[in-house]
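Input: a single structure, listed below in structure tokens.
The values are calculated or read from the model by the stated rules, or taken from the named source; none is laboratory data. Note that the structure is a prediction, hence the values are computed from the model and not measured. Reconstructed Cβ throughout: ideal geometry from the backbone, glycine too, with neighbour counts over all protein chains shown. Calculation scope for accessible area: heavy atoms of the full protein, side chains included, ligands and nucleic acids excluded. Shrake-Rupley method; radii C 1.70, N 1.55, O 1.52, S 1.80 Å.
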Amino acid sequence: MVLTQYKLLNTNLTNRLIWLEGSLIPSLIIMAVSQGGTNLITLAQYKDFAGLNGVSEDAKLNVIIPSVSQAVKTYCGTSFVDFYSSAKTEFFDIKDNHTNAIMLDESPIVSITSVQERDGQASAYVTLISENSDGSGKYEYTVDEETDTIFRTEDTTDKAFPKGRKAVKVVYKAGYASTPGDLKLALFDLVKYYLKDERKERLSISGAQISNQVTTSLRENIGFPDHIKRILDFYKLYK
């Protein structure tokens with residue numbers, strides 16, 4: 001039986017009711033309605049890729065592209081393009097007296113605006129100095145750009161961040177100026193996957209039936225086709 005799912009899209013401009021058909025849509029796609037931010041591909045880019053010249057599919061594509069973009073961001077654990085040119089502010093709860101490293105949500109790091117810490121919720125944040133960057137002789141943090149990790153340091157050793165809720169505050173930029181080419185290809189394929197109903201095990205076209213293998217050989221696959229998931233896993237952040 002084919003089910004019809006209704007979702008309310010919250011966008012910066014308006015709220016509108018849209019529909020997605022099919023009982024085999026992975027739950028991640030169903031839940032990944034637009035949450036703001038930048039789409040990872042555009043309508044024009046997909047139409048160029050697919051060789052589409054008309055506008056008959058535009059309404060459906062304008063639903064699929066934001067949902068697929070958000071699904072990929074959710075699965076990979078990073079937004080890719082949202083904070084490349086605009087800074088993100090991130091807070092960290094420190095739960096013990098031994099934590100000397102924090103991993104940022106966005107990747108890869110472009111620049112660090114500030115790293116601040118506080119001893120208690122009633123205390124003001126104190127800005128830390130990176131590797132004597134102001135000539136003060138302070139070596140209070142360093143950045144590992146390969147792992148997007150900030151280490152609390154002293155001159156000769158590591159040091160623990162203060163314990164507490166929102167004990168550390170980081171303002172930074174990270175991501176890509178535009179969606180990487182291989183990731184863009186995966187997104188094109190994923191849009192096609194839903195646009196052409198390739199998620200369904202059987203399709204009827206002009207009286208003929210086509211069978212699709214929708215199962216996966218990859219462990220812990222949430223429903224992405226294998227060739228798409230392999231590319232997404234290059235960018236997935238594990239914390």
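Exactly one residue among SER27, SER86 is under 19 Å from the mean Cα position of the chain (by Cα) and at pLDDT 55 or above, and that residue is SER86.
Scanning segment 69-93 for residues that are part of a loop (DSSP other than H, G, I, E, B) and either aromatic (Phe, Trp, Tyr) or open to solvent by less than 30 Å² (accessible area, probe 1.4 Å) (or both) yields THR78, SER79, PHE80, VAL81, PHE83, TYR84. Restricting attention to segment 60-94, the residues that are under 30 Å from ASP119 (Cα atoms) and without any contact (Cβ under 8 Å) to a residue 24 or more places away in the chain add up to 0.
Quick one: which residue in THR156, THR99, THR147 is part of a loop (DSSP other than H, G, I, E, B) and open to solvent by less than 40 Å² (accessible area, probe 1.4 Å)? Among THR156, THR99, THR147, only THR99 is part of a loop (DSSP other than H, G, I, E, B) and open to solvent by less than 40 Å² (accessible area, probe 1.4 Å). Among all residues of segment 206-220, there is none that is at pLDDT 50 or above, open to solvent by 50 Å² or more (accessible area, probe 1.4 Å) and part of a helix (DSSP H, G or I). Does segment 34-52 include one or more residues that are acidic (Asp, Glu) and open to solvent by less than 40 Å² (accessible area, probe 1.4 Å)? Looking for residues that are acidic (Asp, Glu) and open to solvent by less than 40 Å² (accessible area, probe 1.4 Å), one finds none in segment 34-52, hence no.
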